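J.: Supplied in structure tokens, the structure appears directly below.
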Amino acid sequence: MNSLPMWEWVTSDRVLAIGPCELIYAHLVVSAASADTHLYDGKSAAGKKIVTLVSAVATGMNFAPPEPIKCEQGLYVDFGTNVTGVLVQWRPLRTAEGD
């Protein structure tokens, strides 16, 4: 059985999850046009890039995949330019060891 979804408002580079999880949703809030932020499967920007959230106008962007995206190593947000914050929803996954 999986854990309940978690939410966090992110305003700087941050590890949201360590270990397996599912990325459910992200909403980019921008302070100006040409904003970007990157989400990675891992504990840093050295992980596998999941998505780059980009907004060419000062309206922001929603990322709502039709199915949750499984992250094997964790979930990391690499804050970009002209970003006020990113609202991220993810679900920790239990491992075979029962974590």
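Any read-out appearing in this document is the output of simple, stated calculations on the displayed coordinates, not a laboratory observation. Remember, it's a predicted structure, so these values are computed and weren't measured experimentally. Positions of Cβ are generated from backbone atoms using ideal geometry, with glycine treated the same way; all protein chains shown enter the neighbour counts.
J.: Would you pull out the residues with amide H under 5 Å of residue 84's amide H, same chain only if 5 or more places away, H placed 1.01 Å from N?
T.: 29, 30, 31
J.: Could you list 37, 84 so that the one with the fewest beta carbons within 10 Å of its beta carbon is first and the one with the most is last?
T.: Going from least to most buried by this count: 84, 37.
J.: Amide H of residue 3 versus every other amide H placed in the peptide plane: which residues, excluding those fewer than 5 positions away on the same chain, fall under 5 Å?
T.: For residue 3, the qualifying residues are 94.
J.: Residue 70 to residue 27: FRET efficiency via 1/(1 + (r/R0)^6), r the Cβ-Cβ distance, R0 22 Å, to the nearest 0.05?
T.: On the way: r = 20 Å, r/R0 = 0.92.
FRET efficiency, residue 70 to residue 27: 0.60.
J.: Further, regarding this structure: Stretched out fully, how many nm does the piece from residue 15 to residue 62 gain, at 0.36 nm a residue minus the Cα gap?
T.: 14.9 nm
J.: From the backbone phi of segment 62-67, what are the Karplus-calculated ³J(HN,Hα) couplings (6.51 cos²θ - 1.76 cosθ + 1.60, θ = phi - 60°) in whole Hz, Gly and Pro given as x?
T.: 9, 10, 10, x, x, 10
J.: Still on this structure, please answer the following. Return an integer: the convex hull volume of the alpha-carbon atoms of the chain, in Å³ per residue.
T.: It is 84 Å³ per residue.
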